[in-house]
Each structure stands twice: as C-alpha cells, then as structure tokens.
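Since the structure comes first, as structure tokens, the remarks are kept for the end.
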Amino acid sequence: MAFRFTLDAVLRFRESVEHSEEAVLLRIVQQIVETEQQLDQVEAEQVRIRESREQDLALKLPGVHLMDIAMRELELKTAADGLRSQLRQLEQERVNQLAVYQTARRDRQVLTELRQQQRQRHQLEQKRQEQKTLDDLFLARARERN
C-alpha cells in the first residue's frame, strides 16, 4: 500500500504560506537596496554641490547663484533625511517580516518532519509485512517438504 500523509493538504498550505512570507521579505529587502542606492546618489550629489559651491566662492559669483546652490543643498539634505527615515522604517519592517517568515518556516518544518517520520514508519511496516510474507511462504514450503 502506498504511503499517504493525512496532513498533506495542511503541509501544502504551510509551504504556500512560507513561500508568500518569503516573497514579502524579499520585496522589503529589495526596497531597502533601492532606497540605499537612492541615498548614495543623493549623498554623491551633495558632495558634488559642495565642491561646486567651493569653486564658485573662489570665483566670487553673484549672491543669487550662491543662494540657488544653498537651496539645492537644503533640498538634498531634506531628501537624504527622508531616505534615511524610510530606511529605518524599512529595516523595522524587515525585522518584523523576518520573524513572520521564520514562524511560517518553523510551522512548515514541523509538518515536513512529521511527514518524514510517518513515511519512515510506513516503510518499516511495509518491510515487516514483506518479511512476514516471505517467512510464511518459507514455513509453508518447509511443511510441504516434511
């Protein structure tokens, strides 16, 4: 008789939940990577603007030009602060989602291990039945010879 795991539907559901939670976690990690890249770009632009300002100060350009640079620096600082705040929020989401994923994974692993144990018991029982059949056959033939 073939092995049949009675909780197979539950195991498939747990696998589905684990996969879904992992996908959410991966999306959050991707958002973190993208946000870090945006922050790197903003910080690089800040450095470029600072260097440009230093050069412009040496050239004694009009104050309006320097005001434009100062406004751009302020915009970049605000953008960088917003991205840092977003990174902190995403990191907290990642930590929370990791806990959810780990719980889903543990739930699935428990059922997987239970399935493996039941399969091993089933296989052992099958082997015992086969051996019993062989033993009975051997005894029956031995009686026929006597």
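The values are calculated or read from the model by the stated rules, or taken from the named source; none is laboratory data. On a predicted model such as this, the values are computed, not experimentally measured, just so you know. Cβ placement follows ideal geometry from the backbone for every residue including glycine, while neighbour counts extend to all protein chains displayed.
Quick look at the values:
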quantity: Pairs with Cβ under 7 Å, 6+ apart, first in the stretch 27-51 and closer than 10 Å to Leu90 by Cβ, second acidic (Asp, Glu) and part of a helix (DSSP H, G or I); calculated: Ile28/Glu93; Ile32/Glu91
quantity: Residues of the stretch 55-90 satisfying the condition of being in a helix (DSSP H, G or I), modelled with pLDDT under 90 and surrounded by 11 or more Cβ atoms within 10 Å (Cβ to Cβ); calculated: Asp56, Leu57, His65, Leu66, Asp68, Ile69, Ala70
quantity: Residue check for Glu34: of a type in the set (Asp, Glu), farther than 30 Å from Thr112 by Cα and out of contact with any Leu (no Cβ under 7 Å at 6 or more places or on another chain); calculated: yes
quantity: Test result for Ala99, out of contact with any Phe, Trp or Tyr (no Cβ under 9 Å at 6 or more places or on another chain), among the hydrophobic types (A, V, I, L, M, F, W, C) and surrounded by 15 or more Cβ atoms within 10 Å (Cβ to Cβ); calculated: no
quantity: Matching entry among Val95, Val47 (being more than 17 Å from Leu26 (Cα to Cα) and either within 37 Å of the chain's Cα centre (by Cα) or not aliphatic (A, V, I, L, M) (or both)); calculated: Val47
quantity: Condition met for Leu25 (aliphatic (A, V, I, L, M), part of a helix (DSSP H, G or I), at pLDDT below 95 and under 30 Å from Arg115 (Cβ atoms)); calculated: no
quantity: Long-range neighbours under 6 Å by Cβ, at least six apart or interchain, first residue closer than 16 Å to His19 by Cα within the stretch 84-107, second among the basic types (Lys, Arg); calculated: Asp107/Arg14
quantity: Options Glu43, Glu51, Glu34: the member that is surrounded by 14 or more Cβ atoms within 10 Å (Cβ to Cβ) and part of a helix (DSSP H, G or I); calculated: Glu43
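For every residue, the table says whether it meets (1) among the charged types (D, E, K, R); (2) touching a helix residue (DSSP H, G or I) at 6+ places or on another chain (Cβ under 7 Å); (3) farther than 30 Å from Phe13 by Cα.
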position	(1), (2), (3)
Ile49	no, yes, yes
Gln55	no, no, yes
Gly63	no, no, yes
Ile69	no, yes, yes
Arg105	yes, yes, no
Leu111	no, yes, no
Arg119	yes, no, no
Glu125	yes, no, no
Leu134	no, no, yes
